[in-house]
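**Q** Before we start, here is the structure in question, set down as structure tokens.
The values are calculated or read from the model by the stated rules, or taken from the named source; none is laboratory data. The structure presented is a predicted model; accordingly, all values stated were derived computationally and were not measured. Because the Cβ atoms are built from the backbone with ideal geometry, glycine has one as well, and the counts that use them run over all protein chains shown. Surface accessibility is based on the protein's heavy atoms, side chains included, excluding ligands, DNA and RNA. Shrake-Rupley method; radii C 1.70, N 1.55, O 1.52, S 1.80 Å.
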Amino acid sequence: MAVLGNPDMLTRKIKLCHINAHITCRLCEGYLIDATTVTECLHTFCRSCLVKYLEENNTCPTCRIVIHQSHPLQYIGHDRTMQDIVYKLVPGLQEAEIKKQRDFYQKLGMEVPGDIKGELCNMKTLLDQRNGDAKSEDTAHKEAGEEKPEEDNDYHRSDEQVSICLECNSSKLRGLKRKWIRCSAQATVLHLKKFIAKKLNLTSFNELDILCNEEILGKDHTLKFVVVTRWRFKKSPLLLHYRPKMDLL
């Protein structure tokens, strides 16, 4: 049951079944996980469900509007607000999803990404607080084997990291002096465009296209999404190319 309203005002209880239609994925009929919205019509789905669907289709699963004739994946984006709403309305959903991801990586014998570890630590702290057994912040960090971070200087260092090689494949632009970078997996293609534009002293990052496997990447794609969908089972680093936009050539 969801409780809506300002805590300082009269609240109204609504049964979850009454709003399920607004927080479930039409493709898998489960609660939204990694909520992703089609920018053309604003319908939302689980990212994995939508990406799999768009491998064979170029229309929205709900309204059938054409997203893009040839590159529909460039016109979808992570909907963080919707995902936060779903996690707050459905008890235990976020904890269960994080544990599933942790178990998945451990089953494959891979190191659990830093962002999942961080979420698990946060969940443990919250549960301890609810039970009245909250420990001091120093003790919690010591048990997690982590040094206490300085909040103002974190810069997403605890996130899962991605190693990238940025190559220029156009004679109209110069190459970067340092083409090897490492950054958060939550960074987006737009962040890379701004980074490259600044390094090359371009007037606007909109002058650039970034490609992986000769396919133009959407500006809202996270690097984690690019790795999973276009660099799966390939060795690090992730190889990306940049060039002037086609309409500028």
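**Q** Could you tell me how many of the residues in segment 206-216 are open to solvent by 60 Å² or more (accessible area, probe 1.4 Å) and either within 13 Å of residue 173 (Cα to Cα) or in contact with a strand residue (DSSP E or B) (Cβ under 6 Å, 6 or more places away or on another chain) (or both)?
**A** Selection size over segment 206-216: 0.
**Q** Suppose we filter segment 228-249 for residues that are aliphatic (A, V, I, L, M), at pLDDT below 90 and either in a loop (DSSP other than H, G, I, E, B) or within 19 Å of residue 73 (Cα to Cα) (or both); how many remain?
**A** So the count comes out to 3.
**Q** At pLDDT 80 or above, buried (at least 18 other Cβ atoms within 10 Å of the Cβ) and either within 26 Å of residue 54 (Cα to Cα) or touching a His at 6+ places or on another chain (Cβ under 6 Å) (or both): does that describe residue 196?
**A** Criteria not met by residue 196.
**Q** So, residue 26, is that one open to solvent by 100 Å² or more (accessible area, probe 1.4 Å) and in contact (Cβ under 8 Å) with a residue 24 or more places away in the chain or not? Steps first, answer last, please.
**A** Working: open to solvent by 100 Å² or more (accessible area, probe 1.4 Å): yes; in contact (Cβ under 8 Å) with a residue 24 or more places away in the chain: yes.
Yes: the conditions hold for residue 26.
**Q** Please count how many residues of segment 52-88 are over 19 Å from the mean Cα position of the chain (by Cα) and aliphatic (A, V, I, L, M).
**A** 3
**Q** Given 165, 183, which one is out of contact with any Lys or Arg (no Cβ under 7 Å at 6 or more places or on another chain) and part of a strand (DSSP E or B)?
**A** 183
**Q** Next question. Within segment 199-218, identify whether any single residue is within 15 Å of the chain's Cα centre (by Cα) and in contact (Cβ under 8 Å) with a residue 12 or more places away in the chain, and answer yes or no.
**A** Yes, the conditions are met somewhere in segment 199-218.
**Q** Output the strands (runs of 3 or more DSSP E) that fall wholly within segment 7-103 and possess 1 or more residues being more than 23 Å from residue 217 (Cβ to Cβ), or say none.
**A** Because the criterion is at least 1 residues that are more than 23 Å from residue 217 (Cβ to Cβ), the strands (runs of 3 or more DSSP E) in segment 7-103 that meet it are 12-14.
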